[in-house]
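Below is one structure, written out as structure tokens, with a few remarks after it.
The values are calculated or read from the model by the stated rules, or taken from the named source; none is laboratory data. This is a predicted model, so every value here is computed, not measured. Heads up, the Cβs are rebuilt from the backbone with ideal geometry, glycines too, and the neighbour counts pull from every protein chain shown. Ligands, DNA and RNA are stripped out before the accessible areas are found, and what is left, the full protein with its side chains, is counted by its heavy atoms. Shrake-Rupley method; radii C 1.70, N 1.55, O 1.52, S 1.80 Å.
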Amino acid sequence: MKRVPVIVFGVGGVGQALLRQIVNGRLATAVRNQIQFDVVAAADRKSLAWEPEGLSDAQLLGIIEAKQMGLPANPESGRQTRISGERPSNRDILDFAPAAELENVIVVDVTAQAGMEPIIDRALQLGYGVVLANKKALAGPWETAQNYFNHPRIRHESTVGGGQPVIATLRTLLDTNDPIYRIEGQLSGTLGFICGQLDQGVSFSQAVAQAKTNGFTEPDPREDLGGQDVIRKVMILGRMAGWPLEAADIVVESLYPAAMAALSVAEFMRETAVLDEPMRQRVEAAAAEGDVLRYVAELEAGRGTVGLKAIPANSPLANLKYISFRSGRYHDEPLLIGGKGAGVEMTAAGVLGDMIDLVREGQF
Ligand SMILES: NC(=O)c1ccc[n+]([C@@H]2O[C@H](COP(=O)([O-])OP(=O)(O)OC[C@H]3O[C@@H](n4cnc5c(N)ncnc54)[C@H](OP(=O)(O)O)[C@@H]3O)[C@@H](O)[C@H]2O)c1
């Protein structure tokens, strides 16, 4: 049995699902892969649970319970773990591991934070593996992000497709020398939901409000409506495919005008009603041609566009979160990966799969 220490940054929706899957899958992972993941650290913004021998399953479930009650991951700092007082910095948390003589550690970033690059760099410097669901470091300026692509100790399946095997598939195409010509996809579950509501005659403002109430959007829905998250995914795919894209290389259609960027979230939610009529007209114009509007990302020859596109209503792609690759071998008929929009469980499963992959591929 290989015991693998794990440091988890972020105990939100995905982080909690990951901890639960580690606990629930412990026996299966042991039998099938002869791996035991020992979560030595779980950190949210305000607290840290740390146990160099590995937090027990009861402690991990306690962390999930605390988070679900709106408490910090470690509400009993100093009793539940060996750390008391102020939460150490992420850099200090990382350095607890070599100090505790831990080896072959996997560092997981399931935060949504910008600025995690120094943590990733330090983890790589220590010889650790890194698994990212957080896209921000991979979609940062190419000068810093380029070190993270094709790195043997970095995995990031869940950054695109939310757990569907998109990154693994692209990696296989590239590893087998199949050049990528074109990538297209409906990459946002949130915008897919909103477009589906528009099909049914729901107004844009109501669709956005519903998506927010259902917890599908970021706390500020402009993060989704502006296409920023989709741009990050396009940059990750494009960069993997060999195009050193910067954000400026992607033409994006924001679903709200720039003038609404300075509003508070509450003001923005009230003002979205002004967008209802123009959007209704676009939906109707598409419907007159037998089409529906979908928020589609297209990438070819190092240039990308992200925005609303009319696609035939009877096309299977109209109702799928999908991604298609046209490559040397998949030239006439694209390679298609699609399925239901992902959620935290699928995203966490993608992270867990990456952790197993790192160990199985002998990266340690
Ligand atoms: N949700 C999905 O379906 C999905 C799909 C694909 C990819 N992702 C990506 O997965 C990541 C996590 O998503 P999520 O839905 O779990 O987000 P979330 O619910 O907002 O959770 C984020 C977690 O990160 C913690 N955090 C923030 N800053 C931190 C820091 N500096 N150090 C340590 N922890 C920090 C937060 O702490 P507090 O709890 O104290 O606030 C929270 O626990 C994001 O990057 C997201 O884009 C999510």
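Some points to look at:
- Beta carbons closer than 7 Å, at least 6 apart along the sequence or on distinct chains, pair a first residue in the stretch 33-47 that is more than 16 Å from I63 (Cα to Cα) and modelled with pLDDT of 95 or more with a second that is assigned to a loop (DSSP other than H, G, I, E, B) and more than 8 Å from the ligand (Cβ to nearest atom) for Q34/M1; Q36/M1.
- Looking across the stretch 7-38, just one residue is part of a strand (DSSP E or B), within 22 Å of the chain's Cα centre (by Cα) and more than 14 Å from the ligand (Cβ to nearest atom), and that is F37.
- A248 being part of a helix (DSSP H, G or I), without any contact (Cβ under 8 Å) to a residue 24 or more places away in the chain, closer than 23 Å to Q146 by Cβ and of a type outside the set (D, E): yes
- Candidate set from the stretch 324-358 (those that are over 20 Å from V130 (Cα atoms), away from the ligand (no atom under 16 Å from the Cβ) and among the charged types (D, E, K, R)); member that is least open to solvent (accessible area, probe 1.4 Å): R326
- Here R45 fulfils each of the conditions (1) of a type outside the set (V, I, T); (2) within 11 Å of the ligand (Cβ to nearest atom); (3) open to solvent by less than 10 Å² (accessible area, probe 1.4 Å) apart from (3).
Results for (1) open to solvent by less than 40 Å² (accessible area, probe 1.4 Å); (2) more than 19 Å from P98 (Cβ to Cβ); (3) more than 16 Å from the chain's Cα centre (by Cα); (4) not hydrophobic (A, V, I, L, M, F, W, C), shown as yes or no for each residue.
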| residue | (1), (2), (3), (4) |
| --- | --- |
| Q113 | no, yes, no, yes |
| P118 | no, no, yes, yes |
| A123 | yes, no, yes, no |
| G129 | yes, no, yes, yes |
| A139 | yes, yes, no, no |
| N147 | no, yes, yes, yes |
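- Count of residues meeting criterion [closer than 18 Å to G162 by Cβ and away from the ligand (no atom under 12 Å from the Cβ)] in the stretch 309-323: 5
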